[in-house]
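Below: one structure in structure tokens.
The values are calculated or read from the model by the stated rules, or taken from the named source; none is laboratory data. Worth saying up front: this structure is predicted, and the values here are computed from it rather than measured. Ideal geometry is used to build each Cβ from the backbone, glycine not excepted, and the neighbour counts take in all protein chains shown. The area values use the complete protein model at the heavy-atom level, side chains included, leaving out ligands, DNA and RNA. Shrake-Rupley method; radii C 1.70, N 1.55, O 1.52, S 1.80 Å.
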Amino acid sequence: MNIKLNTLTLRTFRPDDLAFVFSGLSNPVVIKHYGISYSTESACLEQMSWYQSIAEQGTGCWLAIESAGTPLGALGLNNICQEHKNAELGYWLLPQHWGKGIMQEALQGLLSYAFNELKLHRISAEVETENLKSQQLLQAFHFTLEGISRDCEIKEGKYISLMNYSLLSHELKNNRP
């Protein structure tokens with residue numbers, strides 16, 4: 001799958017993306033507020049298999065964010081439920097591309113695809129309470145903060161809390177950032 005945007009392309013992951021995905025999911029700055037990390041490229045094959053398996057099962061859709069043939073990051077939907085028309089959002093971007101509006105363009109494209117093509121009604125996202133940039137991104141798209149799950153996960157031996165956001169299909173159409 002390829003989704004052409006203004007300056008970016010969202011595309012299905014390929015086997016030759018392994019080194020790129022590993023560079024992101026092993027980068028301490030990227031994984032600081034991300035739930036998955038890998039210490040070796042061969043271990044990261046698990047992530048590549050997951051991207052493929054959820055696409056085949058229809059339970060997810062993760063795409064590489066690409067500009068002029070260079071992969072910059074990834075975003076996608078997990079736990080797609082067609083019965084209830086909802087899914088969970090996730091994303092990451094290599095740090096050298098932060099602050100350039102890349103994730104805003106990519107997220108606009110993915111949300112449009114989710115609501116218009118997949119006919120989803122609700123997209124949810126969980127964000128660590130200390131991840132201010134991710135909170136700002138979701139707020140720019142008018143995601144609603146539904147609450148905070150306190151001390152719900154253990155990360156590096158400490159409890160962390162997650163902010164729970166959601167966006168409904170009609171809210172995107174009326175409230176683009």
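Determine which member of the set Leu168, Leu145 is open to solvent by 30 Å² or more (accessible area, probe 1.4 Å) and in contact with a His (Cβ under 9 Å, 6 or more places away or on another chain).
Exactly one residue qualifies, and that residue is Leu168.
Check region 88-108 and report whether any residue there is more than 24 Å from Glu130 (Cα to Cα) and not hydrophobic (A, V, I, L, M, F, W, C).
no
Same structure, new question: Which of the residues spanning region 38-92 are under 14 Å from the mean Cα position of the chain (by Cα), open to solvent by 20 Å² or more (accessible area, probe 1.4 Å) and among the hydroxyl-bearing types (Ser, Thr, Tyr)?
If the condition is that a residue be under 14 Å from the mean Cα position of the chain (by Cα), open to solvent by 20 Å² or more (accessible area, probe 1.4 Å) and among the hydroxyl-bearing types (Ser, Thr, Tyr), then Tyr91 is the only one that fits.
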